[in-house]
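The structure's right below; bear with me while I get my questions together.
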Amino acid sequence: MSAFDNASASFAGARHDHGACVRGALATAARLCAARGARLTPLRRRVLELVWRGHAPGSHAPGNHAPVRAYDLLARLTAREQRPAAPPTVYRALEFLLAQGLIHRIESLNAYVGCMNPEGHPEGAHGGQFLICSDCGAAAEVHDPRVDAAVARRAEELGFAVRRKTIEVEGVCPPCQRRQERDHDR
């Protein structure tokens, strides 16, 4: 598996066509679920769309690649649907999307973000490597198989049975750094 990242999309700001990301993710999800014999119900599809749209309240993530919390998803579903969605319904949809490898859970934020490379993981659920901006909330998924291999190798040396590999790195994205520099220069 080759290295990839979505940092350029996640940290692109106004130059980024986030609608294309969302449309592509939904088409990929439909194709993968059909190939796997998994049901992407209208509710699951809607939850996936909302995860991809991201932008949790209070976040100003450029390009909308911001993780979103389950209760924010619930509020959006309830506001848009005829009948209110129940928390277990949203959590079941999230569990399905995680199992299919279509989203990731950002543990440190207790939030979810769309997977940029679900086709690269035919087994479905998988870990990830994430750069998370502490200023705007944007999250970039990066994947370097060398990092996965190093973690797996060291775990094996220690006799440690890995269940999930998710690496979260907190910092400041390029747009926020530029904003900080402009603010500092004033």
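Local charge sum around A149 (other residues, Cβ-Cβ under 12 Å, Lys/Arg +1, Asp/Glu -1)?
With Lys, Arg at +1 and Asp, Glu at -1, the net is +1.
Now, a different point. Go through 90-103, 126-139, 160-173 and give me the packing order, highest mean Cβ count within 10 Å leading.
Most protected by this proxy first, the peptides run 126-139, 90-103, 160-173.
Which parts of region 99-122 would a label at R164 reach, counting a residue when its backbone N lies under 18 Å from a point 7 Å out along Cα-to-Cβ?
99-118, 121-122
Follow-up question, since we're still on this one. Sequence-distant or interchain residues sharing an amide H contact under 5 Å with I167, placed H: which?
Here the answer is G128, Q129, F130, since their amide H atoms fall under 5 Å of that of I167.
What's the local net charge at L109, with K and R +1, D and E -1, over the other residues with C-beta under 13 Å away?
-2
Read phi for every residue in region 161-173 and hand back ³J(HN,Hα) as whole Hz from Karplus 6.51 cos²θ - 1.76 cosθ + 1.60, θ = phi - 60°, with x for Gly and Pro.
Ordered by residue, 3J(HN,Hα) equals 8, 6, 9, 7, 10, 10, 10, 10, 10, 9, x, 10, 6 Hz.
Here, each number is a calculation from the coordinates, and none is a lab measurement. Values in this document were obtained by computation on a predicted structure and should not be read as measured data. Cβ coordinates were reconstructed from backbone atoms using ideal geometry, including for glycine residues, and neighbour counts include every protein chain displayed.
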